Every structure is written in C-alpha cells, then in structure tokens.
1. With only Lys, Arg, Asp and Glu charged, each at its Cβ (+1 for the first two, -1 for the last two), find how big the charge dipole of region 100-165 is about the Cα centre; round to the nearest 20 debye.
2. Please give the charge dipole size of region 60-193, origin at the Cα centre, charges +1 on K and R Cβ atoms and -1 on D and E Cβ atoms. Round to the nearest 20 debye.
3. Show the residues, 5+ positions off or on another chain, whose built amide H is closer than 5 Å to the amide H of ALA237.
4. Starting with the highest mean, order 405-412, 233-240 by the number of other Cβ atoms within 10 Å, averaged over the residues of each peptide.
Amino acid sequence: MAGQDSDLPSARNLVEQMGGEIGLESEPRAGSTFWFTLRGEKLATPHNARPAATPLAGYTVLLYEPHPLARLAAYHTLTGWGMSVMEAEDPSALNPMLHDAATRGIRDPMVILSASRHTLESGTLSAAVKAIKANGNCKVAILVNDNSQNALSRISASGADACLVKPYRQRDLFRVLCRFVATGNTPAEQDVFSSPTSATAIQRLAGLRILVADDNPINRKFIITLLRQQGAQTIEAEDGQHAVSAAATQRFDLILMDVHMPVMNGIEASSSIRAREPEEQHTPIIALTADALIAERSDIGAAGMDDLLIKPVQEEQLWRMIAKWVYRTAPGTPPATNVHQASDTRVLDETLGLQLAGGNAALAADLLAMLLEDLPRQRHRLNEAYASGDRGEFLEHVHRLHGSACQCGVPALRAAAARLESAIKAEEGLAPASAVRAHMESVSKEIERLLTSCRA
C-alpha cells in the first residue's frame with residue numbers, strides 16, 4: 001500500500017468486494033496492525049487444475065504477440081483450454097495464415113492481436129483488422145499496453161470485436177473468447193477456473209426478459225449492453241411510471257429499478273408493481289442506488305424490493321445478483337459496496353473507465369462520449385435549479401450528474417458531485433453562505449476541467 005492514506009479506501013474496497021472485513025489496531029508511538037478477513041470456499045480440486053473440456057476446446061486461434069515471454073504465456077493458456085494455436089511472427093503473416101487455415105477446412109478462426117502505440121497511431125492496426133475481416137467472419141481481440149482514451153477510441157474504430165489492457169487476467173480472456181464462440185451450452189466459468197467467484201455461465205442469460213428502469217441514459221446503456229451481450233432480452237424505462245406500465249403488460253424474469261427517478265421514483269414504482277402482481281407471481285426487483293443509507297434500505301424492503309446493487313454497478317456483481325434471484329444459486333461472495341475515494345483528483349482515468357465498462361473498450365468510449373455531450377446541458381440545468389432555490393429540482397439534477405460520473409472514468413467529477421449531493425441532503429436550504437455553494441463551485445470547476453481536458 002506504499003503507506004499512503006489514499007490507498008486505505010482502496011484496500012477496504014478490495015476486501016469488501018471479496019466479502020470480507022478490514023480493521024486496524026493502533027498504539028501511539030508503537031505502530032498499527034491492519035487485519036482483514038476473507039470469505040471463501042474450499043476447492044475440491046487443486047487451484048491450477050483444468051477440466052478435460054472447455055467451451056473453447058477444438059477451436060483455432062491465430063496469435064500475434066511480439067514479446068517472447070508474453071507469447072509463451074498466452075500459448076500455454078490457450079492450449080490449456082484445448083485450443084489449437086497458430087503463432088504469427090508479424091501482423092502481415094496473419095492473412096496467409098488465414099488462407100492456410102481455410103484450405104485445411106478451418107473456418108473463421110479467432111485472432112488475438114497484440115498492438116503497440118506505434119501500430120495504433122500509424123494505422124497499422126486498423127489495416128490489419130480490416131484485412132482480417134475481409135477474409136471472413138473472424139473475431140478479433142486486441143491486447144494493448146496503452147489504456148489512454150485516444151488508444152481505446154482507435155481500437156474501437158478499427159473494427160476489432162474486443163480489447164484487453166495488459167496485464168490482463170486469464171479469466172477476462174477466457175470470457176472474451178467464449179463470447180466469440182457463443183456456444184449455447186457452455187459450462188459455468190467457475191468450472192474452468194476452479195473458483196467460485198463467477199456465478200453464471202457464458203450465454204446463460206439467453207431467453208431471459210429483464211426490465212431496466214433508470215432515468216440516466218448512461219447507466220441504462222451500460223447495464224443493457226452487458227445483459228444483451230449475454231443473450232438477455234431487455235426492455236428499458238426512463239422513469240418509474242413507464243416501469244409500472246411495462247410490468248403491467250409484460251412478464252419479466254427480473255426488474256432492475258433505480259431508486260431515484262423523476263415522475264415516479266423506484267420505491268413508488270415497486271410498491272405499485274407489487275400491489276398489482278398476482279399472488280402466484282413474484283418478479284424479483286433489484287434496487288439500483290448510489291446512496292444506500294440505512295433509512296433508504298428500510299424503504300427498499302418496505303416497497304417489496306428484493307435486494308439492492310450499489311452504483312456504479314460492476315459486471316461481476318450483476319451476474320451474482322442474477323444467479324441469486326433468477327437461478328436461485330449461491331452467489332459465492334455477496335455484492336460489495338463501492339467505497340468512494342474523495343481524495344482522488346484525477347480528471348480522467350481511462351483504466352477506471354475501462355474497468356467500469358466491464359473491459360469493453362467500445363462501451364467505455366461510448367459512455368464517456370455520452371457524458372461529454374450532455375455535460376454542457378447538465379451544467380446549465382444545475383445553474384438554473386440552484387439559482388431558483390428549488391431544493392428538490394436541484395437535488396434531482398445533481399443526483400443525475402453523480403450517477404453519470406459514477407459510470408465513467410472521471411473520478412474528480414464523481415467526487416465533487418458526491419460531496420454536493422451529500423451537502424444538499426444535509427442542509428435545509430440553499431443559503432449562499434452554506435457548504436452547498438462551495439461544493440457547487442467545485443462541481444462547476446470539475447466540469448470545466450473535464451471538458452477542457454477532452455478537447456485537448
């Protein structure tokens with residue numbers, strides 16, 4: 001942890017995400033002892049064991065990785081999953097290899113292509129992907145060291161199907177390749193990795209109907225993208241009233257309901273849905289909120305909502321929640337509360353944005369673009385609501401901004417919006433001398449910093 005105070009929230013977040021607790025025992029002039037506990041399951045097989053068959057067994061992958069050690073590691077990983085690996089010495093060799101594979105009856109092999117900053121900026125990557133796509137319906141995954149927004153945008157524009165930032169986890173690569181093959185009966189991911197951390201199988205959501213109710217288009221797009229990638233059918237609602245109407249006319253396997261929405265909030269909508277629901281039918285309703293206070297948790301339960309997810313929603317937490325309430329399977333570790341790092345002053349964090357988008361570079365770029373496009377309008381609405389003294393309307397706009405910032409890699413704006421939202425809830429009015437004014441100025445400053453940074 002390098003002895004920095006700013007790393008303590010990170011440690012707490014990490015431990016709580018794994019279902020544990022963390023604390024310390026401190027004595028003046030003697031030092032501090034930090035402790036933590038983790039909840040886990042004893043593995044029936046050795047940690048490094050692999051099953052005889054995986055959903056990738058028998059598939060062919062073309063691999064270009066210029067670094068020998070990285071190439072060797074990738075080779076052993078892929079062959080360990082039962083894949084046939086063809087190694088390319090240079091990107092230009094990929095097309096002849098594709099032709100060779102076709103002559104041997106291997107149709108549309110997958111391609112894993114390592115990219116450097118030079119190949120991104122020179123257009124070499126884009127040309128290579130275009131040539132690969134011209135040879136058939138090959139799926140292309142890019143491995144890249146550069147996690148800047150510029151690099152991720154170039155990869156998204158190249159036509160590649162997926163991107164992983166190095167160093168990547170084997171689990172992430174496995175997930176990407178399984179999506180490529182899109183088999184209908186793949187085993188659960190934990191069967192492959194002998195680990196209980198993932199609660200769902202690839203493509204296990206096929207056929208599920210899920211209602212996503214959230215007034216924030218960025219949050220809706222993120223969740224709907226994840227669900228549709230796994231085969232689910234989704235219906236979206238921009239407020240509680242639309243959610244109630246949808247639930248009255250359609251049957252859903254799960255409802256994801258934002259708590260704070262205009263027209264009708266999630267608490268009211270859930271109560272209405274439960275009041276109209278037949279006795280023999282109980283559709284799981286999961287609350288989505290960025291501010292789960294004790295009082296709010298009580299309201300959530302009283303409204304008939306079954307559980308809650310703390311924003312920003314993380315992919316693994318979403319899968320666990322679906323496993324728990326749709327498939328009624330043990331989720332392993334419980335969903336964790338995300339710890340806000342108020343000391344973080346970074347304007348733009350591409351790595352965080354990619355992580356929040358579940359490793360999907362194209363989705364991360366889309367979410368950030370949506371935020372940047374809407375920021376000037378959001379700033380105007382904030383200023384108008386603040387000047388009018390309408391506390392309810394002002395809080396609504398601040399909450400919306402906070403929710404958008406939580407789903408993108410903009411930690412400084414997210415922190416400023418969170419402080420402003422807390423200040424509004426803590427004060428009765430909007431007196432100019434109050435803390436609200438200072439936090440409002442901070443939010444305006446961070447909006448301008450972000451817009452200026454992204455224009456550069």
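Quick note: the coordinates plus some simple rules give every number you see, no bench work behind them. Quick caveat: nothing in here was measured; it's all calculated off a predicted structure. Because the Cβ atoms are built from the backbone with ideal geometry, glycine has one as well, and the counts that use them run over all protein chains shown.
1. On the way: 7 positive and 5 negative charges, 28 e Å.
Approximately 140 debye in magnitude.
2. Working: 13 positive and 12 negative charges, 49 e Å.
The calculated dipole for region 60-193 is roughly 240 debye.
3. For ALA237, the qualifying residues are VAL212, ALA213, ASP214.
4. Highest mean packing first, the order is 405-412, 233-240.
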